[in-house]
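> My questions all concern the structure below.
Read-outs throughout are calculated quantities, based only on the coordinates presented, and are distinct from any laboratory measurement. Keep in mind that what you see is a predicted model, and the values were worked out from it rather than measured. Cβ sites come from the backbone with ideal geometry, for glycine too, and all protein chains shown count toward neighbours.
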Amino acid sequence: MAWKEGLFSRLSQGLSRTREVLAGRLERVLTGTNPSEEDWEALEEVLLGADFGVRATQRLLDSVRGPSSARAGAGAELLQQEITTLLKERPGIGSGRYAVKPWVVMMVGVNGVGKTTTVGKLAYRLRRDGKKVLLAEADTFRAGAIEQLEIWGERVGAEVIKHGPGQDPSGVVFDAAQAAQKRAADVLLIDTAGRLHNKVNLVEELKKMRRVLGRVQEGAPHETLLVVDASTGQNAVVQARIFQDAVAVSGIALTKLDGTAKGGVVLSIQQELAIPMEYVGVGEGVDDLQEFDPDAFARAFFAS
């Protein structure tokens, strides 16, 4: 329990900037007995400004404008309950994760969102849980990518499968998938090059890697996680939509939640695209990547 409370504390701290943006207006509207139409409009602006998105914002406002929300203090409680309800409408893989071995995870996304770091932090979580992990560096274009993943591999105790700079990424993926089977790995994590989601040739390369994985192991990749930067707000929704169309994104890993007031983008992605949130990053520490918990996330919006 203490460990879980520690995670909640970091999540709450990570959402502090979002909470600061919401706090004043929430207190005025949701704890008052007779908020004006101007108050409601201002609350709508604040929710949209925190990147909850149009669809989620409307549902949240509808939930607290009912008769019961007129009671002092009831509105904030109803809002928290409704946030939790919305988040639970898009459940992640949960207990079904790692049902087969090796469980293959591809990390995709645009440049600069923290894919390699997310791979390393996820590997840390898995190694902490006693799983044998292989890392594959399929980013053969970015200078220093292989070295960066090797540093993570040494740090967490995971072997890295790699080729030289400029080599075919699909070749790396093929070798990594075979190595994961031969070495009885529990999980294979694949880091890919940062791609601009509007570059057709690069997206086609991702599709090729998925086909290669499927030929080596039926059903692979078992997860395709899109890594997005929370601070980009609604642009993260745009990225998610295009990657979803291209490579069947199964879940989101949201990074840099601690550095933005746009934490509502979690609800926006789930409501607009029906893609579950799987992980959130709330700090720079190796253990600051958390499995997404809807109850804790909703509670953190209101924690002081």
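> Does the range 102-144 come out rounded, prolate or oblate, given a ≥ b ≥ c as the square roots of the eigenvalues of its C-alpha gyration tensor, rounded meaning a/c under 1.5 and, failing that, prolate meaning a/b above b/c?
Taking the square roots of the gyration eigenvalues as a ≥ b ≥ c, the range 102-144 is prolate.
> What pairs in Lys88/Lys132; Lys162/Lys207; Lys88/Lys162; Lys131/Lys256 have C-alpha atoms more than 28 Å from each other?
Lys88/Lys132; Lys88/Lys162, as the Cα separations exceed 28 Å there.
> Note down the net charge around Lys101, summing +1 for each Lys or Arg and -1 for each Asp or Glu among other residues with Cβ under 10 Å from its Cβ.
Summing Lys/Arg as +1 and Asp/Glu as -1 gives +1.
> Quick one: order Ile151, Ile269, Ile146 by neighbouring beta-carbon count within 10 Å, fewest to most.
Final ranking by Cβ density, sparse to dense: Ile151, Ile146, Ile269.
> How much length is gained if the chain between Glu204 and Asp295 is pulled fully straight, taking 0.36 nm per residue apart and subtracting their Cα-Cα distance, in nm to one decimal?
The span from Glu204 to Asp295 would gain 29.0 nm if fully extended.
> Using Cα-Cα distances under 8 Å and only pairs 6 or more residues apart, what relative contact order does the range 35-194 have, in percent?
26
> Right, something else. According to the Kirkwood expression over distinct Cα-Cα pairs, how big is the hydrodynamic radius of the range 229-298, in Å?
12.2
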